[in-house]
Each structure stands twice: as structure tokens, then as C-alpha cells.
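The values are calculated or read from the model by the stated rules, or taken from the named source; none is laboratory data. Predicted, not measured: the structure shown is a model, and the values here were computed from it. Here the Cβ positions follow ideal geometry from the backbone for every residue, glycine too, while neighbour counts run over all protein chains shown. For the accessible areas, the whole protein counts, side chains as well, though only heavy atoms, and no ligand, DNA or RNA atoms are used. Shrake-Rupley method; radii C 1.70, N 1.55, O 1.52, S 1.80 Å.
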Amino acid sequence: QVQLVESGGGLVQPGGSLRLSCAASGNIFSIYGMRWYRQAPGKQRELVAEITSGGSTNYKDSVKGRFTISSDSAKNTVYLQMNRLMPEDTAVYYCYDIATMTWGQGTQVTVSS
């Protein structure tokens, strides 16, 4: 049984930064192989970033150069550092563990002046 607990969302002005955290609990060997998704009102959930078990990363084109996914194996935690945020980034962000097919509860990110 694995649980993913998200934190770090909130309200920021355009150009600001946030760091999302996703902490995994339970008996897992590694948190590597994680994804961040987001879903805005009226839109489909979309893949934002991925870190594989081998440590490689992939990003949605619109967030390349602004977002960074990383992990801390000792803490069983994956992060999403978001810089130069834009209103278009407003959404509920979800982490997802590929191995256990487990979703986080979601955290709201709102970018507005």
C-alpha cells in the first residue's frame, strides 16, 4: 500500500515561483519513475513532467526551461520546481507513481495578479 501526499501549491503572481512536493509512504524500493500531471477547468489532464527509473527527465514543451522535476530517494519524495509562472499554468497538479499506479490527492496552483 502506497500513499502520495502532495504539498506546496498556492496563489502566486505571474513571474513567481513555487515548489511542489510529493512524498511517498509505504513499502517501495524507489520513488524513481514518477510523473507530474495537471488539469485545468474544462480541459483534459495532461502530462507535465516525468522522471524515469534511470534518472532521465522529460517535459511538456510549454514548460521546458521553466519547470524542473527532481527526486530525493532518501526522503521518498519527488519535486516540481516551477519558475516564471504564467496564468496558463493555473491548474490542479497531481503526482503519479508509475510502478504502483498511485495518484496524489492534487494540489491547486493559481497564477494571477
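Take 2-11, 41-50 and order them by the average number of nearby Cβ atoms within 10 Å per residue, most first; the result is 2-11, 41-50. The lysines within cross-link reach of Lys43, meaning a Cα-to-Cα straight distance under 25 Å and a gap of 8 or more places when in the same chain, are Lys60, Lys64.
Put simply, when 68-74, 34-40, 95-101, 51-57 are sorted by average Cβ atoms within 10 angstrom per residue, most first, you get 34-40, 95-101, 68-74, 51-57.
Only protein atoms count toward the accessible area here, which uses a 1.4 Å probe; on the stretch 10-113, the carbon and sulfur part of that area reaches 49 percent. In percent, rounded to a whole number, the relative contact order of the chain is 37, using alpha-carbon pairs under 8 Å and six or more apart.
With all protein chains kept in place, the per residue accessible area of the chain amounts to 54 square angstrom at a probe of 1.4 angstrom. DSSP bridge analysis restricted to the chain gives an antiparallel fraction near 90%, rounded to the nearest 5. What FRET efficiency, computed as 1/(1 + (r/R0)^6) with R0 = 22 Å and r the Cβ-Cβ distance, is obtained for Gln39 and Ser113, rounded to the nearest 0.05? The value I calculate is 0.45.
Put a dot 7 Å past the Cα of Arg84, heading toward its Cβ, do the same for Gln13, and the two dots end up 1.9 nm apart.
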